[in-house]
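Read through the structure below, which is laid out as structure tokens, and then see the notes.
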Amino acid sequence: MAEYRLTPPLTDEQVRALRVGDTVTLDGTVFGLRDATLIRIFDEAQAPPADLRGGVCLHTAPNVKKLCGHYEPLSVGTTTSMRMDRFTGGLLERYGARAIIGKGGLSAESLKHFQGLGGVYLAITGGAAALETTQIEAIEAVWWEDLMPECLWQFRVRGLGPLTVAMDSHGGNLYADVQAEAQRRLGEIFARLEKRA
């Protein structure tokens, strides 16, 4: 397992160097989006007003306050990713995004997109919104404010992480590994219980 400190936009080489279990810390631009943003982009066919090529997308609907014409972060937590699973391929193929930050992982179908197009899923610790918010230096831009708080956000981050590479471009899937190990251990437990009966 390796540790990386990266600055988006990410190159194909950088993304394909990442393996399940590696740790990533980010500096620079991260785009925040959520269900409503993705529905607008894909179901309503409105191209994102920001260039997502090489981008890192964070599944979030932040709590913010508006001061003197700009937004300040109050709490930028990460939401569960699976309900946005169907948009993974389009984000990577059509708009060039290379990493998704979220909780809980994505499907085997998304893993295929990561393999074929060069992408990774970066897991963030659930319940760490307070820490995550301190790692956001500024909200640099916001588009589609009518979707508040599920707008398209541009955050400037410093030291965002540590993030764990949970799904990689080589077919690695930490969630599948954990599930397989849990099933193996469960089998052992049942076998021991049967012997005692």
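A few points about this structure:
- Odd one out for R34, checked against (1) of a type outside the set (D, E); (2) under 17 Å from W144 (Cβ atoms); (3) out of contact with any Asp or Glu (no Cβ under 7 Å at 6 or more places or on another chain): (3)
- Condition check for D168 on (1) of a type in the set (D, E); (2) in contact with a helix residue (DSSP H, G or I) (Cβ under 7 Å, 6 or more places away or on another chain); (3) under 14 Å from T78 (Cβ atoms): one failure, at (3).
- Restricting T88, T78, T37 to residues that are of a type in the set (S, T, Y), buried (at least 19 other Cβ atoms within 10 Å of the Cβ) and in contact with a Lys or Arg (Cβ under 8 Å, 6 or more places away or on another chain) narrows the list to T78.
- Residue match in the stretch 63-84 (condition: out of contact with any helix residue (DSSP H, G or I) (no Cβ under 9 Å at 6 or more places or on another chain) and assigned to a loop (DSSP other than H, G, I, E, B)): yes
- The set of residues in the stretch 140-157 being on the phi < 0 side of the Ramachandran plot and over 18 Å from the mean Cα position of the chain (by Cα) consists of E140, A141, V142, W143, E145, D146, L147, M148.
- Within the stretch 98-129, tally of residues that are at pLDDT 95 or above, under 14 Å from the mean Cα position of the chain (by Cα) and over 16 Å from V165 (Cβ atoms): 1
- For the stretch 42-62, a residue qualifies if it is in contact with a strand residue (DSSP E or B) (Cβ under 8 Å, 6 or more places away or on another chain), hydrophobic (A, V, I, L, M, F, W, C) and not in a loop (DSSP other than H, G, I, E, B), and the qualifying residues are V56, C57, L58.
- For the stretch 119-136, a residue qualifies if it is part of a loop (DSSP other than H, G, I, E, B), surrounded by fewer than 21 Cβ atoms within 10 Å (Cβ to Cβ) and not hydrophobic (A, V, I, L, M, F, W, C), and the qualifying residues are T125, G126, G127, Q135.
- Sole exception among (1) out of contact with any His (no Cβ under 9 Å at 6 or more places or on another chain); (2) surrounded by fewer than 22 Cβ atoms within 10 Å (Cβ to Cβ) for S110, by number: (2)
- Hits in the stretch 1-31 - residues which are over 22 Å from L174 (Cβ atoms), surrounded by 18 or more Cβ atoms within 10 Å (Cβ to Cβ) and out of contact with any Asp or Glu (no Cβ under 9 Å at 6 or more places or on another chain): F31
- Looking only at residues in the stretch 91-101 that are surrounded by fewer than 24 Cβ atoms within 10 Å (Cβ to Cβ) and in contact (Cβ under 8 Å) with a residue 40 or more places away in the chain, the one that is farthest from W143 (Cα to Cα) is G96.
The rows are residues; the columns are (1) at pLDDT 95 or above; (2) charged (D, E, K, R).
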| residue | (1), (2) |
| --- | --- |
| D43 | yes, yes |
| A47 | yes, no |
| A50 | yes, no |
| C57 | yes, no |
| K66 | no, yes |
| L74 | no, no |
| G77 | no, no |
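The values are calculated or read from the model by the stated rules, or taken from the named source; none is laboratory data. None of the values given here were measured: they were computed from a predicted structure. Glycine also receives a Cβ, built like all others from the backbone with ideal geometry; neighbour counts cover every protein chain displayed.
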